[in-house]
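Below you'll find the structure, written out as structure tokens, and then a few comments.
The values are calculated or read from the model by the stated rules, or taken from the named source; none is laboratory data. None of the values given here were measured: they were computed from a predicted structure. Note: ideal-geometry Cβ built from the backbone for every residue, glycine included; neighbour counts use all protein chains shown. Side chains are part of the model used for accessible areas, which takes the heavy atoms of the whole protein and leaves out ligands, DNA and RNA. Shrake-Rupley method; radii C 1.70, N 1.55, O 1.52, S 1.80 Å.
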Amino acid sequence: MATIKDVAKLAGVGLGTASRVVSGKGSVSPATLARVRAAIEELGFRPSHAARTLLSGSSQMIGVYIPVLSGTFYTPILQIIDNELRAAGLHMVVAFGAGLGDARQQAVEGISFLVERGCDGLILMTNLLQEEDVAALETMHKRMVVLNHSFASIASQCFTVDHAQGGALAARTLLDLGHREIAIVAGPSRLPDSVQRVQAFCATLAEAGIDTASLWQTERDFSPAGGWSAARELVASGHVCTALFCANDEMAVGALSYFQEAGIRVPQQLSVLGYDDTPSAEFSAPRLSTVHMPWREMTQNGLNALLNSCYDLQRPVTRDYPVSMTLRASLAAR
């Protein structure tokens, strides 16, 4: 395989001149540029990624950290990032929670992996870091954005959606359909965005005169299996309700599966409402009504801000992402 030294020798120029042509940085006379390019073509020279990094001082890679590599929530977000980066001639490197220690330590180690790989910028999706973790990370790598969470110390680098607005919209939707006996499957209480949506949901019901302390409520892990077991627990409890709100779509899909197995007709006997509007919602049976969170807009703007910082671009960046409702077949009037 030809090297940059071979190119320089064939073109009759110094190594530095050949490097400037390959990197596109620095001035080179038209005649010299033509000779070097002819040598590159004749030799079939293709600079390796490592060589391009040395020449340009940039790895052309963006690191992305996600907590888990499973489910339908993170996949569309990764697809958005990867498509945008490829269109810009860049590449994505993904790390996720793994290894020893608790979830917070796994997040720190996963992000450190991306830093060690020389990524030009980082996109972080995690609720598990603390402010002191962010401060330590800032000393190692300042070019980063956070999606779906906000840290006070780097608020301008955080891009999130309004989960309180989403929870309130879910409650108003059920109230408008006449539902007052409502069960809730919440997500993990350690995750701020999960807490925000459920608190806003309950607050909106309380404003309508509903005693939220009397509502049936349980907590699960955002997985289909968690939704399935919660639905089984609800049915076994004998608690009477006309609607079930699940704090994410995967739990709602799991609940729908259990209700079908138990012979409970949705929405004729029980309405089910999800949250996120992930691809699984569109193809469940029945198709799931869900709070549409503007993940694409959040991701696109966070990525734009990071690319502006890393590569001195001027991509547009906004922070207003309206929440809406996607109505499908799983909801009906009381």
Legend entry - Between 0 and 90°, nearest 10: helix 295-311 axis offset from the chain longest Cα axis: 20
Legend entry - Charge dipole (debye, nearest 20) of the chain; +1 at Cβ of Lys and Arg, -1 at Cβ of Asp and Glu: 1160
Inset, instruction - May I ask you to give the average projected area over all directions of the convex hull of the Cα atoms of region 63-107, in nm² rounded to one decimal? - result: 3.3
Legend entry - region 144-284 pair-distance distribution - Cα-Cα, 5 Å bins, rounded %: 2, 10, 20, 22, 20, 13, 7, 4, 2, 1, 0
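To the nearest 20 Debye, how big is the dipole of region 177-334 about its Cα centre, given +1 on the beta carbon of each Lys and Arg and -1 on that of each Asp and Glu? Intermediate results must be reported in sequence, preceding the final value.
On the way: 12 positive and 16 negative charges, 49 e Å.
So the dipole magnitude of region 177-334 works out to roughly 240 debye.
Where the accessible area of region 149-244 is counted over protein heavy atoms with a 1.4 Å probe, how much of it, in %, is carbon and sulfur?
52
Would you mind giving the average projected area, over all directions, of the Cα convex hull of region 87-196 in nm² with one decimal? Spell out each step's value before the answer.
Details: hull surface 38.6 nm².
Result: 9.7 nm².
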Inset, instruction - Given the options Ala164, Ala103, Ala18, state which has the largest fluctuation in a GNM of the chain using a 10 Å cut-off (strictly under) for Cα springs. - result: Ala18
Inset, instruction - Mind sorting out which of (1) 1.02; (2) 1.13; (3) 1.06 is the real Rg/Rh (Cα atoms, Kirkwood Rh) computed from the coordinates? - result: (2)
Legend entry - Relative contact order of the chain, pairs being alpha-carbon contacts under 8 Å that are 6 or more residues apart, as %: 14
Inset, instruction - Please identify every one of the GluC sites (Glu not before Pro) in region 113-186 that sits in a loop by DSSP and has no more than 16 other beta carbons within 10 Å of its own beta carbon. - result: Glu181
Inset, instruction - Give the dimensionless ratio obtained when the Cα radius of gyration of region 201-263 is divided by 2.2 N^0.38 Å. - result: 1.14
Legend entry - Span from the region 221-262 Cα centroid across to the region 162-189 one, whole angstrom: 15
Legend entry - Accessible area per residue in Å² at 1.4 Å probe, computed on the chain: 47
Inset, instruction - Determine the calculated [θ] at 222 nm for the chain from helices alone, applying -39500 (n - 2.57) to every DSSP H run no shorter than 4 residues and normalising by the residue count; nearest 500 deg cm²/dmol. - result: -14500 deg cm²/dmol
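Report the antiparallel proportion of the DSSP beta bridges in the chain as a percent, rounded to a multiple of 5.
Once the DSSP bridges in the chain are tallied, antiparallel ones form about 10 percent.
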